[in-house]
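Here it is, the structure, as structure tokens.
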Amino acid sequence: MHQLPQLPYELDVLEPYIDAKTMEIHHGKHHAAYVDKLNSALQKHAELQAKPLAELLTAMEDVPEDIRTAVRNNGGGHFNHSLFWRVMKKAGGGEPRGELLEAIRSAFGPFSEFKSRFSRAGLELFGSGWTWLCWRDGELGIQTTPNQDNPLMNGAGEPILGLDVWEHAYYLQYQNRRAEYMEAWWNVVNWAEVGDNLAAAKKAGAHPGLH
């Protein structure tokens, strides 16, 4: 059975950028519900229960049709949030270092340009979804996905950084001000974790979201 991962920090650690109440509801209610519904969907398919989540999401066409939508929505929600919690930390932000910074500069130019393009993608995404930094074919790229989809599902690459732009991620604190939420979020990005995710993505068959 899939399990809800513990947060790697206390609920209030990301304040003032992300408030404790939002973290409590986001992790303890929304993410927990995705895990419960995923396990329920897999209950009658024993052969899939032990399969790594990333493998399920990468080959959605192999998931039985009767549970495919449930696995896509709830398995995606579980994977996405498991990555999301880990790429944030107290006193984060700033700029990345080492190979990650070199890869960003190679793909986008100055870090400021990457940040601008990533933010713009999130702001232009209509409705609920995610903004991603992905590794594919030896370079980084920015992707957006609707709902709880992620780049594994459409072959767009290995996600190493993801930003949740569902309203439940920010509405209590920021209401409809997505731009303000996104600008605040840059202050909690855990670049060391993103760098580790990049290293994992470069290894064949490694999925950084659940490690």
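The values are calculated or read from the model by the stated rules, or taken from the named source; none is laboratory data. All values reported here derive from a predicted model rather than from experimental measurement. All Cβ positions, glycine included, derive from the backbone under ideal geometry; neighbour counts span all protein chains shown.
Could you tell me how many of the residues in the range 1-17 are hydrophobic (A, V, I, L, M, F, W, C) and within 16 Å of the chain's Cα centre (by Cα)? Before the answer, list the steps.
As a first pass, look at the range 1-17 and keep what is hydrophobic (A, V, I, L, M, F, W, C): 1, 4, 7, 11, 13-14.
This time we only want the ones that are within 16 Å of the chain's Cα centre (by Cα), so: 4, 7.
Of the residues in the range 1-17, 2 are hydrophobic (A, V, I, L, M, F, W, C) and within 16 Å of the chain's Cα centre (by Cα).
Here is a check on your reading of the model: is Glu113 within 20 Å of Ala184 (Cα to Cα), out of contact with any helix residue (DSSP H, G or I) (no Cβ under 7 Å at 6 or more places or on another chain), in a helix (DSSP H, G or I) and among the acidic types (Asp, Glu)?
Criteria met by Glu113.
Let me ask something else. Can you spot a residue in the range 163-179 that is crowded, with 21+ Cβ neighbours inside 10 Å, closer than 13 Å to Val87 by Cβ and aromatic (Phe, Trp, Tyr)?
no
Give the range 1-38 a look and list any residue that's in a loop (DSSP other than H, G, I, E, B), hydrophobic (A, V, I, L, M, F, W, C) and at pLDDT 95 or above, or say none.
Leu4, Leu7, Leu11, Val13, Leu14, Ile18
Let me ask something additional. Can you pull out the residues in the range 116-153 that are within 20 Å of Tyr34 (Cα to Cα) and not in a strand (DSSP E or B)?
Gly127, Ser128, Asn147, Gln148, Asp149, Asn150, Pro151, Leu152, Met153
Still on this structure, I have one more. Just for the range 131-141: of the residues that are within 17 Å of the chain's Cα centre (by Cα) and surrounded by fewer than 19 Cβ atoms within 10 Å (Cβ to Cβ), which one is farthest from Tyr17 (Cα to Cα)?
So the residue we want is Arg136.
Please determine, by comparing only the residues of the range 84-129 that are closer than 17 Å to Ile18 by Cα and among the hydrophobic types (A, V, I, L, M, F, W, C), which one is nearest to the chain's Cα centre (by Cα).
Step by step, filter the range 84-129, then rank; the result is Phe84.
Inside the range 39-49, can you point out the residues that are at pLDDT below 95 and either touching a helix residue (DSSP H, G or I) at 6+ places or on another chain (Cβ under 6 Å) or assigned to a helix (DSSP H, G or I) (or both)?
Once the filter is applied, which keeps residues that are at pLDDT below 95 and either touching a helix residue (DSSP H, G or I) at 6+ places or on another chain (Cβ under 6 Å) or assigned to a helix (DSSP H, G or I) (or both), the range 39-49 yields Ala46, Glu47, Leu48, Gln49.
To continue, here is another question. Of all residues in the range 98-130, count the ones that are surrounded by 14 or more Cβ atoms within 10 Å (Cβ to Cβ), without any contact (Cβ under 8 Å) to a residue 40 or more places away in the chain and small (Gly, Ala, Ser).
Matching residues across the range 98-130 total 4.
Going through the range 50-97 one residue at a time, which ones are outside any helix (DSSP H, G or I), touching a residue at least 60 places away in the same chain (Cβ under 8 Å) and under 18 Å from Met153 (Cα atoms)?
Result: Pro52, single match.
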